[in-house]
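Okay, structure first, notes after.
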Amino acid sequence: MAALAMVAGAALAALDAAPGAARSQRLGALRLAAAARVREEGLPTVADEHWKYTNVSRLGERALRAASAHDGAGVSATDLGALRLSSDGALRVVLVNGCVRAELGDLGALPKGMRVRSMAALLEHDPERLAALLDTDVEAGSTFQALNTALLGDGVVIELDNDVVVREPLHVVMLGAASDLLRVPRVLVRAGRHSELRLVEEYVSLDGASGFTNSVCEATLGAGATLFHHRLANEALHNNHVGRVAVQVEEHGNYVSDSLAFGGDLTRVDIDVNLVGRGARCRLNGLFVADGQQHVDHHTRIEHRVGDTHSAELYRGILDGRSRGVFNGKVLVARDAQQITAQQASNNLLLSRHAEIDTKPELEIYADDVSCSHGATVGELDAAALFYLRSRGVPAADARALLTYAFAEKIVDEIPLPGVRRWLETRFLGHTQLSQLHSSLESP
């Protein structure tokens, strides 16, 4: 109940203080409905099937307060430069505690037909436009999405006109600073027909930062549009993270997702994709790594609403110490959505006898002319491969790290961003000399 009091109180206080809500009746109504839902439902419990393996009651055990722009005022470019970020893209937007800091980013000269704007600026100057872009169904998603809507203060709005193809990746850095904050960043993507964008959404923290990040990313892809979405959750261990990604893909559109989760005490990511036009497709890949007492949960839901739609999904989890991982992937095929294809796999590597994984691939099919498959595996490091590496003079720790990285490489290989690959190599191996190590093993 402490958590419920905290979130409902913060939501209502923010609702009263938000300037945009007073200027837009539609936005105000949206927030009222969201705040009411938070107040009525409270946080989910383990009695809810979708939260059966993830207990969020710990969120109520800490005194949090809603973040404001003032909380990150002291963060400088030097602070940002000291972080080991994953992307080397030329286009960058930085949010500190959920608030856009334009002077820390660099958008250069955006391609004609592409607009990247602060949600706070839209709230101030054109709240009706923001309300139209949000168009959020308050009943969709969990209470956490409603909480994000009720507290909405800033975020990034990305719009692409028809036929606009953006060559440079857009890197959105979500930086946590200061302690015991509730952050509610939001990203909106509206991609016109036959447009294309590569988006890197990265969550990181400064030393000592703690609290709770409650994020939402919504994307609508027009006919023939493509969104490559690389999402990295790598916040400090004193932080909790609940994020939702909601995507709608129209005819012949394509959504490609890589969700990587490493940091945080408790991390939960929900990805919902609706394939609503014939020829629409999505590919969801995920990699989560946990150690100590960390808890990482991925829930995905792909809905094939019409025939001739296609999906593929691969998630890999690596768990050490006393950590716990959860994967729940559901594919739903609507009535008479014929000639769809859907493949789903969940592979997990346990590095400790005390680590735990709950994995649950699901298929729910209401059509008969479909090609669907799913499966799950749980295993440990290959003892023979480990012995081989040790016999070639590789120290035990390096051999273990190399085999662990090899398990993750299936996911990493699909990410064509050198910065992300270097970041992952360093994360797993402690250096970026993987190619040299491979060469030494291949030599006689």
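The values are calculated or read from the model by the stated rules, or taken from the named source; none is laboratory data. Because the structure is a prediction, the values reported are computed rather than measured. All Cβ positions, even for glycine, are placed from backbone atoms using ideal geometry, and neighbour counts span all protein chains on display. Heads up: the accessible areas ignore ligands, DNA and RNA and are worked out on the full protein's heavy atoms, side chains in. Shrake-Rupley method; radii C 1.70, N 1.55, O 1.52, S 1.80 Å.
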Rounded, prolate or oblate (a/c below 1.5 giving rounded, otherwise prolate when a/b exceeds b/c) for the range 61-181 by Cα gyration tensor = oblate
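Looking at the calculated P(r) for the range 157-275, what percent of the C-alpha pair distances fall above 23 Å?
Numbers: 2194 of 7021 pairs.
The calculated P(r) of the range 157-275 puts 31 percent of pairs beyond 23 Å.
Please report the orientation-averaged projected area of the range 288-444, defined via the convex hull of its C-alpha atoms, in nm².
Details: hull surface 43.7 nm².
For the Cα atoms of the range 288-444, the hull's average projected area reads 10.9 nm².
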Positive-pole candidate from T143, A334, A67, dipole of the chain, charges at beta carbon = A67
ask   = In nm, what is the difference between 0.36 nm times the number of residues separating N55 and L110 and their Cα-Cα distance?
value = 15.5 nm
task = Express in whole angstrom the spacing between the alpha-carbon centres of the range 174-238 and the range 389-426.
result = 26 Å
task = Go through the range 384-390 residue by residue and turn each phi into a ³J(HN,Hα) via Karplus (6.51, -1.76, 1.60, θ = phi - 60°); whole Hz please, and just put x for glycine and proline.
result = 5, 5, 5, 5, 4, 5, 5
task = List the residues whose amide H sits under 5 Å from the amide H of H241, counting only those 5 or more places along or on another chain, with H placed 1.01 Å from N in the peptide plane.
result = T213, L266, T267, R268
ask   = In a shell of Cβ-Cβ distance under 15 Å around V56, excluding V56 itself, what net charge do Lys and Arg (+1) and Asp and Glu (-1) give?
value = -1
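Give the shape of the chain as rounded, prolate or oblate, defined through the alpha-carbon gyration tensor: a ≥ b ≥ c are the square roots of its eigenvalues, a/c under 1.5 means rounded, and otherwise the shape is prolate if a/b is larger than b/c and oblate if not. Don't skip to the end; give the middle numbers.
Details: a/c = 1.43, a/b = 1.28, b/c = 1.11.
Rounded.
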ask   = What residues qualify as long-range amide H neighbours of D180, i.e. H under 5 Å apart, gap of 5 or more or another chain, H built at 1.01 Å from N?
value = S210, G211
inquiry  = Suppose each label sits 7 Å from its Cα in the direction of the beta carbon; what would the R278-A73 distance come out to in nanometres?
reply    = 5.9 nm
ask   = Quick one: of the DSSP bridges fully inside the chain, what percent are antiparallel, nearest 5?
value = 5 percent
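Pull out a ≥ b ≥ c, the square roots of the eigenvalues of the alpha-carbon gyration tensor of the range 26-112, then state rounded if a/c is under 1.5, prolate if not and a/b is larger than b/c, and oblate in the remaining case. Walk me through the numbers on the way to the answer.
Values: a/c = 2.14, a/b = 1.79, b/c = 1.20.
Judged from the Cα gyration tensor, the range 26-112 comes out prolate (a/c at least 1.5, a/b above b/c).
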remark   = Note, the range 188-205: 3J(HN,Hα) by Karplus (6.51, -1.76, 1.60, θ = phi - 60°), whole Hz, Gly/Pro = x, goes 10, 10, 10, 9, x, 3, 6, 8, 8, 8, 10, 10, 10, 10, 10, 9, 9, 9
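Given R₀ = 41 Å, what would the calculated FRET efficiency be for R26 paired with V378, taking r from the Cβ atoms and rounding to 0.05? Before the final figure, lay out the partial values.
On the way: r = 48 Å, r/R0 = 1.17.
The computed FRET efficiency comes out at 0.30.
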key: Selection from T300, Y388, V370 lying farthest towards where the dipole of the chain points positive, charges on Cβ   = Y388
remark   = With +1 on the Cβ of every Lys and Arg and -1 on the Cβ of every Asp and Glu, the dipole magnitude of the range 270-399 about its Cα centre, in debye rounded to the nearest 20, is 260 debye
query = For the range 183-300, what relative contact order do you get, as a whole percent, if you take Cα pairs closer than 8 Å and at least 6 residues apart?
reply = 24 percent
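In debye, nearest 20: dipole of the chain around its Cα centre with unit charges on the Cβ of K, R (+) and D, E (-)?
Dipole magnitude for the chain comes out near 440 debye.
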ask   = So who's got an amide H within less than 5 Å of the one on I302, skipping anything under 5 residues away but keeping other chains? H placed 1.01 Å off N, in plane.
value = V273, K330, V331, L332
ask   = Among 381-390, 123-132, 217-226, what's the highest-first ranking by average C-beta atoms within 10 angstrom per residue?
value = 217-226, 123-132, 381-390
query = How much length, in nm to one decimal, is gained on full extension between R167 and H354, taken as 0.36 nm per residue of separation minus their Cα-Cα distance?
reply = 62.8 nm
key: Per residue accessible area of the chain, 1.4 Å probe, in Å²   = 41 Å²
task = Return the carbon/sulfur percentage of the accessible area of the chain, one whole number, probe 1.4 Å, all protein chains in place.
result = 49 percent
query = Which value, in debye to the nearest 20, gives the size of the charge dipole of the range 220-304 about its Cα centre, when Lys and Arg are +1 and Asp and Glu are -1 at the Cβ?
reply = 240 debye
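Please give the net charge around R281, taking every other residue with its beta carbon less than 12 angstrom from that of R281, where Lys and Arg add +1 and Asp and Glu add -1. Mind showing how you got there, number by number?
Values: positive: R278, R283; negative: E250, E251, D308, E313.
Neighbourhood net charge equals -2.
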